[in-house]
Amino acid sequence: MSADTRFQQATAYLGYTFDGDLKVGGDYVPLLRDGDVIYISGQIPRVENTVVVTGRVGAEVSLGQAQLAAKVCAMRALALLQRELGSLDKLRRVLRISVYIQSAADFTQQSEVSDGASALLHEVLGEAGRHTRTSVGVYHLPKNASVELDMVVSVAG
Amino acid sequence: MSADTRFQQATAYLGYTFDGDLKVGGDYVPLLRDGDVIYISGQIPRVENTVVVTGRVGAEVSLGQAQLAAKVCAMRALALLQRELGSLDKLRRVLRISVYIQSAADFTQQSEVSDGASALLHEVLGEAGRHTRTSVGVYHLPKNASVELDMVVSVAG
Amino acid sequence: MSADTRFQQATAYLGYTFDGDLKVGGDYVPLLRDGDVIYISGQIPRVENTVVVTGRVGAEVSLGQAQLAAKVCAMRALALLQRELGSLDKLRRVLRISVYIQSAADFTQQSEVSDGASALLHEVLGEAGRHTRTSVGVYHLPKNASVELDMVVSVAG
């Protein structure tokens with residue numbers, strides 16, 4: 001089964017669509033290729049015009065909701081890559097993801113939130129989706145998003 | 001018009017000079033080249049010996065002041081690149097900027113702060129200045145700086 | 001003297017061992033090589049099963065303890081690189097470190113915390129250990145760790 005089929009299945013499972021405009025919030029680009037490396041801008045869990053998970057994780061947002069938010073961020077990154085490359089099968093490796101979690105004062109399960117994104121990337125991309133990762137709990141994210149995720153990937157030369 | 005001329009114009013417009021020592025705050029280097037890629041250390045809005053914008057954005061620091069801080073960080077990065085390369089015209093592309101904003105508890109306009117830096121890079125460097133970006137609101141920055149920005153760029157091989 | 005010998009000396013000096021399992025906290029990899037570049041996942045100051053420095057720096061954690069935490073994070077990264085490469089002498093350059101410090105509300109010495117890691121890298125690796133750096137004070141880190149550090153390095157082709 002191709003990564004694109006698995007991406008489609010993940011879309012159906014999550015119940016969100018990533019076919020529309022994947023807009024950025026300012027004067028920058030969503031994705032940029034330099035040789036065999038592609039940089040992807042920080043993604044928040046926006047679906048069309050709505051940020052679907054907002055608020056502090058550990059307070060008004062549960063661990064499960066935050067994991068969903070991390071998955072939506074990762075799906076947006078994959079949708080951007082699919083448009084750029086034509087197929088996700090051209091992706092060689094996800095090199096790095098950085099996951100920022102808007103955290104409540106006493107919340108320490110940032111790694112568990114990021115696991116939502118990591119599991120999804122592994123599932124959709126197979127071995128190519130296994131990455132290095134940094135997870136940090138931050139004070140505030142744009143648009144009051146609960147999670148933000150950026151990515152660096154390599155593609156076949 | 002060359003990027004260096006536009007850099008000079010931006011310097012005049014901001015009313016700050018970046019001719020002096022662009023010091024780092026510890027045992028590390030401001031900039032490092034690896035092949036065609038240059039990494040730039042996190043820049044705070046320091047001009048000579050003074051951090052010109054300090055405090056929490058959304059509380060004692062306005063959006064406009066924070067955008068100015070982001071511009072000063074970006075100008076420092078450009079000044080470092082100009083010294084390294086001789087001319088900013090040798091820069092091929094700004095690949096990534098990460099912008100950290102020392103935020104008040106209810107401040108969610110981190111993207112708008114980063115737009116200060118993004119617009120400046122686009123203006124000075126043209127298409128080469130259009131980049132991927134991650135903006136996060138953090139709890140504290142070194143020296144109580146309102147904004148910190150780091151960068152990865154590519155240069156002609 | 002080889003970098004590996006200096007690494008061994010630093011281990012003895014710190015009084016911790018990095019011979020055991022250097023586990024990651026989720027479905028990701030600790031380290032990943034792409035051509036001549038190696039990405040290392042965010043390291044917290046874990047020694048075997050214990051995070052040895054936890055809490056907010058500037059409140060229950062002193063600057064000195066936080067610098068120790070930063071050193072332990074850097075040693076974990078070096079231990080991972082040594083296992084991957086066989087010898088730390090194969091490392092060409094530490095390109096970037098990002099240091100996240102779980103900070104108290106009024107703590108602004110993030111750079112001084114990171115200096116713990118920077119000095120250690122310089123000491124163990126010599127010139128190859130001089131890097132670019134970004135230090136930010138964050139609201140929360142996984143497992144209540146006081147410091148987290150990630151790294152990008154280059155190796156001989």
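Counts of other chain beta carbons within 10 angstrom of each beta carbon in peptide A:87-97 average 2. Normalised by 2.2 N^0.38 Å, where N counts its residues, the alpha-carbon radius of gyration of the range A:32-109 equals 1.26.
P(r) tail for chain A: Cα pairs beyond 18 Å make up 53% of the total. Near B:LEU95, the amide H atoms lying under 5 Å from its own belong to B:VAL152, B:VAL153, B:SER154; only residues 5 or more places off or on other chains count, and H is placed 1.01 Å from N. For the protein assembly as shown, the share of alpha carbon pairs falling in successive 20 Å distance bins from zero is 26, 61, 12 percent. Peptide B:102-111 is shielded by partner chain Cβ atoms: per residue, an average of 5 of them sit within 10 Å of its Cβ. In this calculation the C-beta distance from C:ALA12 to C:THR50 is compared with R0 = 30 Å, giving a FRET efficiency of 0.95.
Over what distance in Å are the Cα centres of the range C:94-157 and the range A:42-104 separated? For the range C:94-157 versus the range A:42-104, the Cα centre distance is 25 Å. Peptides A:34-44, C:71-81, B:80-90, ordered by how many other C-beta atoms sit within 10 Å of their residues on average, highest first, read C:71-81, A:34-44, B:80-90. Alpha-carbon geometry of the range A:1-73: the Rg and the Dmax are 14.3, 42 Å, given in that order. Under 5 Å from the amide H of B:VAL57 lie the amide H atoms of B:GLN102, B:SER103, B:ALA104, each residue being 5 or more positions distant or on a separate chain, with H modelled from the backbone and absent for Pro and chain starts. Applying the Karplus relation 6.51 cos²θ - 1.76 cosθ + 1.60 with θ = phi - 60° to the range B:140-152 yields 3J(HN,Hα) values of 7, 10, x, 6, 6, 4, 7, 9, 9, 9, 10, 8, 10 Hz, where x marks Gly and Pro. Computed from Cα atoms, the angle from the helix B:3-14 axis to the main principal axis of chain B rounds to 30 degrees.
Couplings 3J(HN,Hα) of the range C:79-84, computed from phi: 4, 5, 5, 4, 5, 5 Hz, in residue order, whole Hz [Karplus 6.51 cos²θ - 1.76 cosθ + 1.60, θ = phi - 60°; x for Gly and Pro]. Quickly estimate the mean residue ellipticity at 222 nm for the protein assembly as shown, helices only: each DSSP H run with n ≥ 4 gives -39500 (n - 2.57), and the total goes over all residues, rounded to 500. Taking each H run of at least 4 residues, the total per residue is -11000 deg cm²/dmol.
Across the range A:111-117, computed HN-Hα scalar couplings (Karplus, 6.51 cos²θ - 1.76 cosθ + 1.60, θ = phi - 60°) run 4, 5, 4, 4, 4, x, 5 Hz from first to last residue, x flagging Gly and Pro. Among beta bridges from DSSP that stay inside the range C:7-157, the antiparallel ones total about 70%.
The aspartates and glutamates whose alpha-carbon is closer than 15 Å to the alpha-carbon of C:LYS71, local same-chain residues fewer than 8 away aside, are B:ASP27, C:GLU112, C:ASP115, C:GLU123, C:GLU148, C:ASP150.
The length gained by stretching the chain between A:ASP21 and A:ALA105 to full extension, at 0.36 nm per residue less their Cα-Cα distance, is 26.8 nm. Proximity of backbone amide H atoms, modeled 1.01 Å from N, is registered between C:GLY42 and A:ARG133, A:THR134, A:SER135 at under 5 Å, excluding neighbours fewer than 5 places apart on the same chain.
Here, each number is a calculation from the coordinates, and none is a lab measurement. Not measured: the values here are computed from a predicted model. All Cβ positions, even for glycine, are placed from backbone atoms using ideal geometry, and neighbour counts span all protein chains on display.
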